[in-house]
């Protein structure tokens with residue numbers, strides 16, 4: 001009898017999973033029929049109002065099972081006013097820190113360097129300069145700086161990025177440029193990873209600089225204050 005009950009439970013769970021999969025597959029098919037050029041990354045049934053979460057190229061949408069409506073907005077949990085959608089976006093945008101090719105970045109160690117931060121920066125980005133001014137106040141961190149020139153916004157940035165990499169001390173050349181406005185004097189013809197970093201940034205959907213990645217995978221776009229940096233670095237190193 002016990003074996004029969006276990007078998008029936010197993011069959012019920014399998015049927016339930018198959019039904020959920022069928023529903024999600026149906027929603028995905030309907031979405032792609034309506035938006036054939038969209039790249040649907042996942043479809044997941046949520047516990048909210050019978051909605052399905054549809055992730056399209058990193059963006060989060062919601063729809064019902066018949067695909068009668070498409071919701072582009074945030075779900076707020078009224079019990080504690082938590083923004084469920086924003087938390088989901090953060091999770092989708094996160095990157096496993098150890099998966100980053102840190103050998104393509106130049107490294108700066110301050111203090112014991114226990115805390116870690118990777119930054120994608122553009123040599124001609126004013127917000128990157130603002131971030132670096134805040135980073136001066138952070139005295140205990142290992143920084144990995146990826147030179148990520150946004151050529152469409154800053155046409156001269158790719159050459160500057162290569163010249164920084166070709167300098168005898170790239171970290172110093174970067175600091176001299178971003179904080180003091182001193183252009184690197186080195187050639188731009190050495191072996192450097194700038195083009196590979198650009199492709200990586202595009203793959204990671206980095207559309208603006210600076211973009212920060214903390215050790216826990218959290219992604220933060222834009223310049224933030226030293227106090228915010230300290231808080232995030234401490235949280236990521238726990």
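The values are calculated or read from the model by the stated rules, or taken from the named source; none is laboratory data. These numbers come from a predicted model, not from an experiment. Cβ coordinates were reconstructed from backbone atoms using ideal geometry, including for glycine residues, and neighbour counts include every protein chain displayed.
General remarks:
- Test: residue in the stretch 106-119 that is under 18 Å from the mean Cα position of the chain (by Cα), in the same structural domain as residue 162 (by TED's automatic domain parsing) and part of a loop (DSSP other than H, G, I, E, B): no
- Being surrounded by fewer than 17 Cβ atoms within 10 Å (Cβ to Cβ), touching a helix residue (DSSP H, G or I) at 6+ places or on another chain (Cβ under 8 Å) and either farther than 11 Å from residue 210 by Cβ or not assigned by TED's automatic domain parsing to the domain that holds residue 163 (or both) holds for only one residue in 123, 101, and it is 101.
- From 53, 77, residue being exposed (fewer than 13 other Cβ atoms within 10 Å of the Cβ), at pLDDT 90 or above and either in contact with a helix residue (DSSP H, G or I) (Cβ under 8 Å, 6 or more places away or on another chain) or under 30 Å from residue 192 (Cβ atoms) (or both): 77
- Single residue of 74, 80 found to be in contact with a strand residue (DSSP E or B) (Cβ under 9 Å, 6 or more places away or on another chain) and without any contact (Cβ under 8 Å) to a residue 40 or more places away in the chain: 74
- Among the residues here, residue 61 qualifies as without any contact (Cβ under 8 Å) to a residue 40 or more places away in the chain, in contact with a strand residue (DSSP E or B) (Cβ under 6 Å, 6 or more places away or on another chain) and outside any loop (DSSP other than H, G, I, E, B).
- Hey, residue 27 touching a helix residue (DSSP H, G or I) at 6+ places or on another chain (Cβ under 6 Å), modelled with pLDDT of 90 or more and either assigned by TED's automatic domain parsing to the domain that holds residue 207 or not in a loop (DSSP other than H, G, I, E, B) (or both) or not: no
- Wholly enclosed helices (runs of 4 or more DSSP H) of the stretch 126-238 bearing at least 1 residues at pLDDT 95 or above and within 21 Å of residue 92 (Cα to Cα): 194-203, 226-236
- The set of residues from the stretch 195-207 being closer than 20 Å to residue 127 by Cα and free of Cβ contacts under 8 Å to residues at least 60 places away in the same chain comprises 198, 202, 207.
- Within the option set 145, 108, being in contact (Cβ under 8 Å) with a residue 40 or more places away in the chain and crowded, with 20+ Cβ neighbours inside 10 Å holds for one residue only, 145.
- Being surrounded by 16 or more Cβ atoms within 10 Å (Cβ to Cβ), within 26 Å of the chain's Cα centre (by Cα) and modelled with pLDDT of 90 or more is not true of residue 70.
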